[in-house]
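A short worksheet on the structure shown next.
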Amino acid sequence: MIGQELIQKLESIHNQTDSWIIKSPGRINIIGEHTDYNYGFCLPAAIELAVFMGLSPSDKFQINAWDRKESWNIVDTIRPDWAVYFKAILNYALKENLPVKTFSLDFTASLPSGAGLSSSSSITCGFLYALNLMNSWNIPLEQLTSIAVIAEKESGVEGGMMDQISIFNGSKDHALLIDCLDWSFKKIPILLANYQWTIVDTKVKHKLIDSDYNNRSRLCKKIANKCANHFGIEENLRIVYEQYSKEEFGFLESQEKNLLSYVIEENDRVKAMTKSILSQDISSIGSLLFSGHEGLRNKYQVSCPELDFLIDFAAKSSAAIGARMMGGGFGGSSLHLIKENCTEEFTQEISQAYRSKFGFAPDVYKADISNGVELINKK
Ligand code: GAF
């Protein structure tokens, strides 16, 4: 169902005084993967695919996940997996002595879950935003972002802040160039006339995504630590690659050199991509997307056969300008830049080829760039 229909369905139920309807988007990342927890740069954008929540005053705390046909009341000790995100925010409120009025909440989504489009952050950020409004906490967006990150860490992923920053601060037709050293960001106009950003969801999740992700993040911390000891500097990968050249890392092991070299090159790609987008240099945008994927596949090693197949297919297609895997990796989605007048043909061809290879079709979505989390309606 499209967003507008979901909103109407929620509005028909949450129609009493003091009801709230919230839209919380997913995100794509144009480039700058696995750089956020390494104090580098990334270029994400919020998208129209979103989680929608309706909240009304009630005498009990009850949350209903329409798409899963599951409910959770905060007194229930057995929790559906999605409840962890709501619980983390409620725990934060409790710890900080923030008042929370009892509510009944329904949520549904046009954003697919588990597709690497940040659906869990979308729930966490949307719920936090809703409670902030409902209970007049008056916490500014910057602080809400940090709270959402802390809350999500409770679910076990040692991520950066890229997802939460884009969900809270997204801006229609703009990407956010985030400097992950201080989490400041600039809005970059991203509309490319005659081209369409397109998402292809592999519909697979390999291995334990979270533990593989955490493993990369820990290895990078180890590299930063080794470099700090070797050079006698602060333990921060950004300082390492801004001050020393690739030739000076001979003391690292081979896998460590690959990871570091990927991070250095990916940060350069973010800067180059920003320039190419601003100058609408389409062919350079395409090359940067493909080389970003090569780095993730060969040096950072977070891709998988399904993602590689989609990128290799795009490299041979005259409809595609560029493509790369997106997000944490080991499954999830790829991002493609497609000639606008070829999107239908491309969707059909890539779906057919993928189905012949893997036995099931991927899901393909237009990635229209949207605002960040929004209050849609308040009664
Ligand atoms: C996941 C994380 F949540 C982000 O913080 C980021 O590290 C991304 O993977 C990889 O770029 O989405």
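General observations
Conditions (1) closer than 30 Å to LEU141 by Cα; (2) in contact (Cβ under 8 Å) with a residue 12 or more places away in the chain, marked per residue:
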| site | (1), (2) |
| --- | --- |
| LEU307 | no, yes |
| ALA315 | no, yes |
| ALA320 | no, yes |
| GLY327 | yes, yes |
| THR343 | no, yes |
| GLN348 | no, no |
| ASP363 | no, yes |
| GLY372 | yes, yes |
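- The residue list ASN371, ASN377 contains one member that is in contact with an Asp or Glu (Cβ under 7 Å, 6 or more places away or on another chain), surrounded by fewer than 17 Cβ atoms within 10 Å (Cβ to Cβ) and either under 30 Å from SER12 (Cα atoms) or aromatic (Phe, Trp, Tyr) (or both), which is ASN377.
- Annotation note: of TRP20, TRP82, the sole residue that is in contact with a Lys or Arg (Cβ under 6 Å, 6 or more places away or on another chain) and either within 16 Å of the ligand (Cβ to nearest atom) or outside the structural domain of LYS222 (by TED's automatic domain parsing) (or both) is TRP20.
- Apart from one condition, LEU10 fits all of (1) modelled with pLDDT of 95 or more; (2) surrounded by 24 or more Cβ atoms within 10 Å (Cβ to Cβ); (3) of a type outside the set (Val, Ile, Thr); (4) more than 16 Å from the ligand (Cβ to nearest atom); the exception is (1).
- Flag if ASN258 is farther than 24 Å from ILE223 by Cα and more than 20 Å from the chain's Cα centre (by Cα): no
- Selection of segment 100-156 for residues being out of contact with any strand residue (DSSP E or B) (no Cβ under 9 Å at 6 or more places or on another chain), of a type in the set (Val, Ile, Thr) and more than 16 Å from PHE168 (Cα to Cα) yields only VAL100.
- The lone exception for ASN267 - which of (1) within 16 Å of the ligand (Cβ to nearest atom); (2) closer than 29 Å to SER113 by Cβ it fails: (2)
- Tally, over segment 6-21, of residues that are in a helix (DSSP H, G or I), over 16 Å from LEU133 (Cβ atoms) and touching a residue at least 60 places away in the same chain (Cβ under 8 Å): 5
Every residue, every condition in (1) among the polar types (S, T, N, Q); (2) away from the ligand (no atom under 16 Å from the Cβ); (3) not in a loop (DSSP other than H, G, I, E, B), yes or no:
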position: HIS34; (1), (2), (3): no, no, no
position: ALA45; (1), (2), (3): no, no, yes
position: GLY54; (1), (2), (3): no, yes, yes
position: LYS60; (1), (2), (3): no, yes, no
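The values are calculated or read from the model by the stated rules, or taken from the named source; none is laboratory data. Computed from a predicted structure; not experimentally measured. All Cβ positions, even for glycine, are placed from backbone atoms using ideal geometry, and neighbour counts span all protein chains on display.
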